[in-house]
1. If you take the residues in the stretch 166-222 that are assigned to a loop (DSSP other than H, G, I, E, B) and of a type in the set (D, E, K, R), which one is modelled with the highest pLDDT?
2. Filter the stretch 112-157 down to the residues that are of a type in the set (Gly, Ala, Ser) and in contact with an Asp or Glu (Cβ under 8 Å, 6 or more places away or on another chain) and list them by number.
3. When you scan the stretch 130-146, do you find a residue that is within 19 Å of the chain's Cα centre (by Cα), part of a helix (DSSP H, G or I) and within 27 Å of VAL21 (Cβ to Cβ), even just one?
4. Kindly provide the set of residues from the stretch 131-156 that are of a type in the set (A, V, I, L, M, F, W, C) and either under 20 Å from ALA176 (Cβ atoms) or buried (at least 18 other Cβ atoms within 10 Å of the Cβ) (or both), ordered by number.
5. Taking GLY98, is it part of a helix (DSSP H, G or I) and either touching an Asp or Glu at 6+ places or on another chain (Cβ under 7 Å) or within 26 Å of TYR31 (Cβ to Cβ) (or both)?
6. So, in the stretch 187-203, exactly how many residues are among the aliphatic types (A, V, I, L, M) and free of Cβ contacts under 8 Å to residues at least 12 places away in the same chain?
7. Given VAL116, VAL21, VAL45, VAL74, which one is touching a helix residue (DSSP H, G or I) at 6+ places or on another chain (Cβ under 9 Å) and under 22 Å from GLY167 (Cβ atoms)?
8. Looking only at the stretch 2-18, filter to residues that are loosely packed, with under 14 Cβ neighbours inside 10 Å and in contact with a helix residue (DSSP H, G or I) (Cβ under 8 Å, 6 or more places away or on another chain); which one of those is modelled with the lowest pLDDT?
Amino acid sequence: MVMPCILAMGAAYTAALLLLVRRLRIPGRGYLPEKTLCSVYFVVVAAVCALLGSRREAFWHLLPALLCCVAGDVVLAVYNRLRRPGWFLAGLAFFLSGHALFVWGLCRLQPLGWPVPLAAMLGMAGALALSFLPGMELGRMRPWVVLYAAFVSALLGKGAQLAFGIGRPWCFLVLAGAALFWVSDLLILFLYFYEKKHPAVHIANLLTYYYAMFLLGASLAF
């Protein structure tokens, strides 16, 4: 019963994402309703999967992070409409909090291990190196981007610790979700700070992010 339910939710989730991608192609139109729908959907997926699985307490451990991501989605959708820096900084803060809360919630399932700080340090070094690429215009945002990269990479490190430490199927779903989340946030650099922007980057950023959230939610079913 678990897999058919997850596949059905995945199909509906993909349909919602297609609505979001379609709205991106309409010039001068915001996409707040479609983005909010997709964001609320991944919380619903996590709740349903927790009911289907045997680790219902894990849902409550991850819920604060999920809600921070919903808030970040809404705020960045407003920023993409208004283009006011305050909205972007608020969205960044929500997502930074979301990453930190994901690591905190997952550490309640397994104690913090060395892959987490190692991944954080490597992420900071990588973000700093990318920030000096020709065409990358970070300006005063550079320290915040490097800090943000630490939290994004820490989640990836935690996913790796779970997968190769506990090794159960749900751990590999968390790792896959964390990896897609990392790719999504890497694309943000080229979406908001790179001088040569391609429309496909925005679509790839959204798809990798929302499927990351789906995988993280689906992991609660196992």
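1. Applying the first criterion (assigned to a loop (DSSP other than H, G, I, E, B)) to the stretch 166-222 yields 166-168, 193, 195-198, 222.
Next cut, of a type in the set (D, E, K, R) only: 168, 195-197.
Values: ARG168: 95, GLU195: 86, LYS196: 81, LYS197: 77.
The residue in question is ARG168.
2. Listed by number, the residues that qualify are GLY135, ALA149.
3. Step one: filter the stretch 130-146 for residues within 19 Å of the chain's Cα centre (by Cα), giving 144-146.
Applying the additional criterion that residues be part of a helix (DSSP H, G or I) yields 144-146.
Narrowing the set further to residues that are within 27 Å of VAL21 (Cβ to Cβ) leaves 145.
Yes, the stretch 130-146 contains a residue that is within 19 Å of the chain's Cα centre (by Cα), part of a helix (DSSP H, G or I) and within 27 Å of VAL21 (Cβ to Cβ).
4. Keep residues of the stretch 131-156 that are of a type in the set (A, V, I, L, M, F, W, C), which gives 132-133, 136, 138, 141, 144-147, 149-152, 154-156.
If the condition is that a residue be of a type in the set (A, V, I, L, M, F, W, C) and either under 20 Å from ALA176 (Cβ atoms) or buried (at least 18 other Cβ atoms within 10 Å of the Cβ) (or both), then LEU138, VAL145, VAL146, ALA149, ALA150, PHE151, VAL152, ALA154, LEU155, LEU156 are the ones that fit.
5. On the way: part of a helix (DSSP H, G or I): yes; either touching an Asp or Glu at 6+ places or on another chain (Cβ under 7 Å) or within 26 Å of TYR31 (Cβ to Cβ) (or both): yes.
The answer is yes for GLY98.
6. Result for the stretch 187-203: 1.
7. Values: VAL21 fails: under 22 Å from GLY167 (Cβ atoms); VAL45 fails: under 22 Å from GLY167 (Cβ atoms); VAL74 fails: under 22 Å from GLY167 (Cβ atoms).
Answer to the check: VAL116.
8. VAL2
The values are calculated or read from the model by the stated rules, or taken from the named source; none is laboratory data. Because the structure is predicted, anything quoted here is derived from the model rather than measured. All Cβ positions, even for glycine, are placed from backbone atoms using ideal geometry, and neighbour counts span all protein chains on display.
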